[in-house]
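The values are calculated or read from the model by the stated rules, or taken from the named source; none is laboratory data. Source: prediction; values computed, not measured. Here Cβ is always computed from backbone atoms with ideal geometry, including for glycine, and neighbour counts include all displayed protein chains. Keep in mind that these areas ignore ligands, DNA and RNA; they rest on the heavy atoms of the full protein, side chains included. Shrake-Rupley method; radii C 1.70, N 1.55, O 1.52, S 1.80 Å.
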Amino acid sequence: MAAPADDRVPCPMAGSADFHYRRGELFCESVSLRELARAHGTPLYVYSAACIRDRYQAVRAAFGDAAQICYAVKANSNLSILQLLASLGAGFDLVSGGELQRLLAAGIDPRRAVFAGAAKAKWEIELGVKEQVRAFQVESPHELPLLAAAGRAHGRRVPIEVRLNPAIAVDTHAYIATARQDSKFGIDLDRAGALVAQIAGDPDLELVGYHVHLGSQLRAVEPYVQAFAAVAAFLRGAPARRLGVKHYDLGGGFGISYGKGEAFPLAELAAALLPQLSAHGLRPMLEPGRYLVGDAGVLVTEVLGHKQSGSTSFVLVDAAMNDLLRPALYSAEHPIVPVADRGRASSTVDVVGPVCESGDFLARARSLPSVESGELLAVLATGAYGISMASCYNTRRRPAEVLVDGASHRVIRRRESFAALWRDELPNESFA
Ligand code: LLP
């Protein structure tokens, strides 16, 4: 139900003013999360369209009209989210043939997409060439003959960006740092010269740019600057390395606050890099995922009960690691707040779900206001890598998703049926 906009109280740690309290109740834009949970059940992902628009415009404002902003589809690949970003003018960064098929299903022109990925299969390369993606980002030599053959079959030169690994350490979780010396991603600068020469010598391939992605959830500008300095030195190494090169794709990785510290200083990054790119005649491309959608989502979950074990107090909720894997996989700390803010005293608890793993927790040793069974909690900043990493482990249905826009909302993914979970399984009649 809509409420007047004048009684908003910011939700601390939400990272976006689109999530705020009105008369003690948490809202997404002008829609009550309690009412959404009542109508659509829990666990429930709720996203703010206004927040996504604002973030996209912030990136656009920092990097200017010439920049190509390619949303990293893996962060949240719901068709409606892709359509929203497409309507804003975004391009797309794909890492699989499945993501390419999502674009097609959403009615988005694949020529707006770049196709990355550490190890593409033949069918993915053939599909990308057929659909004329704007460039393939190549980081493994095995792809070149496949790309050339697909180009020949379709009678066109295939545009290639080479993903370089400038060997730069970044301050983030080890699983999401991608440009360390021994990373599986990118091509070492020592080996990249030969790859570029191979592309330059192949009539079916066309070198159009370079790509670097340092890692995810970064907070500092300096590694991006160091990376481009290394790429610029590489470019000076031989004329063939510059011939036809139009783009520098600086990757994604812009961090959000998760309730602590500042979000990524976009304007500072643009000020540091844009003059250098233009001095080299290169157009900027970027691939933000988390920055565009992370703060735009919350996971609403119901408190099922409480229990004490040893010295630990547990709050048992109906969302689990299958719905939001980040705490279990990266020890990520997502702020959690009660949907009804009644100014209660806090105590230290573990917030855990029903999945049969000790790694199934949403928060550990967290200070949380005392909440009763049946109450709702909101796990904040879960718009990125939430539903897109969700699984059906323990034969749990993945959460439904709702997109709020002002005072209206739409279910953008139904909660799947149980039967859908085993629809493609083939029971063996002879065992019956
Ligand atoms: N470009 C490339 C080549 C990438 O590998 C990624 C993310 C991005 C762009 C987008 O990064 P972002 O702007 O969202 O940081 N599941 C992890 C994050 C994995 C990121 C993988 N690559 C998490 O939940 O933190």
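Ratio of Rg to Rh for the range 116-288: 0.98 [Cα atoms; Kirkwood radius as inverse mean 1/r over pairs].
Could you give log10 I(q)/I(0) at q = 0.12 Å⁻¹ for the chain, computed by the Debye formula over C-alpha point scatterers of equal weight, without solvent? At q = 0.12 Å⁻¹ the computed log10 ratios are -1.00.
Percent of Cα pairs in the range 110-204 per distance bin of 10 Å, from zero to the largest separation: 16, 45, 29, 9, 1. Computed over the chain with a Gaussian network model linking Cα atoms closer than 10 Å, the most mobile of Tyr210, Tyr393, Tyr56 is Tyr393. Kindly state, to the nearest 0.05, the FRET efficiency for Ala238 paired with Asp65, given R0 = 35 Å and r defined as their beta-carbon distance. Working from the Cβ atoms, E equals 0.60. Between Arg22 and Asp182, residue separation times 0.36 nm minus the direct Cα-Cα distance comes to 52.6 nm. The DSSP beta bridges internal to the chain are antiparallel in roughly 50% of cases. For the range 84-90, 3J(HN,Hα) computed residue by residue from phi via the Karplus equation (6.51, -1.76, 1.60; θ = phi - 60°) reads 4, 5, 4, 5, 7, x, 5 Hz, glycine and proline entered as x. Here's how it looks for Gly91: its modeled amide H is under 5 Å from those of Ile69, Cys70, Tyr71, which are all 5 or more places away or on a different chain. When you restrict to C-alpha pairs under 8 Å that are six or more residues apart and normalise by the size of the range 116-288, the relative contact order lands at 19 percent. Close amide H pairs (under 5 Å, H built 1.01 Å from N) link Leu362 with Val351, Val352, Gly353, residues at least 5 positions away or on another chain. Ranked by the mean number of other Cβ atoms within 10 Å per residue, highest first, peptides 383-389, 94-100 order as 383-389, 94-100. For the range 262-278, putting each phi into the Karplus relation 6.51 cos²θ - 1.76 cosθ + 1.60 with θ = phi - 60° gives couplings of 8, 6, 5, x, 4, 5, 5, 5, 4, 5, 6, 9, 4, x, 5, 5, 5 Hz, in residue order, rounded to whole numbers and with x for Gly and Pro. Fully extending the segment from Trp123 to Ser311 would add 62.3 nm, taking 0.36 nm per residue of separation and subtracting the current Cα-Cα distance. In this calculation the C-beta distance from Ala169 to Ala272 is compared with R0 = 22 Å, giving a FRET efficiency of 0.75. In this structure, Asp7 and Ala194 have a Cβ-Cβ separation that, at R0 = 56 Å, corresponds to a calculated FRET efficiency of about 0.30. Express in whole angstrom the spacing between the alpha-carbon centres of the range 23-45 and the range 170-195. If you average the Cα positions of each part, the centres end up 42 Å apart.
Classify the range 272-408 from the C-alpha gyration tensor, please: rounded if a/c falls under 1.5, else prolate or oblate depending on whether a/b exceeds b/c. Cα axes put the range 272-408 in the prolate bin.
For the range 351-432, the set of trypsin sites (Lys or Arg not before Pro) satisfying both a DSSP loop assignment and a count of at most 12 other C-beta atoms within 10 Å is given as Arg414, Arg423.
Relative to the longest principal axis of the Cα atoms of the chain, the long axis of helix 143-154 makes an angle of roughly 80 degrees. Once you reduce the range 83-154 and the range 394-416 to the center of their Cα atoms, the two points are 28 Å from each other.
For the range 286-326, the square roots of the Cα gyration tensor eigenvalues, ordered a ≥ b ≥ c, give a/c of at least 1.5 with a/b greater than b/c, which places it in the prolate category.
For the range 369-432, GluC sites (Glu not before Pro) meeting the loop criterion (DSSP other than H, G, I, E, B) and having at most 10 other Cβ atoms within 10 Å: Glu425. Taking every lysine pair in the chain that is 8 or more places apart or spans two chains, those with Cα atoms closer than 28 Å amount to 15. For the range 46-125, the spherically averaged projection of the C-alpha convex hull amounts to 5.6 nm². Relative contact order of the chain: 19 percent, from C-alpha pairs under 8 Å at least 6 residues apart in sequence. The slack in the chain from Glu35 to Ser430, taken as 0.36 nm per residue of separation less the alpha-carbon distance, amounts to 137.4 nm.
Kirkwood radius, the range 13-61, all distinct C-alpha pairs, inverse of mean reciprocal distance: 11.8 Å. Under a 5 Å amide H cut-off, with hydrogens placed 1.01 Å from N, Leu205 pairs with Val158 among residues at least 5 apart or on other chains. Apolar share of the accessible surface for the range 116-288: 55 percent from carbon plus sulfur atoms, 1.4 Å probe.
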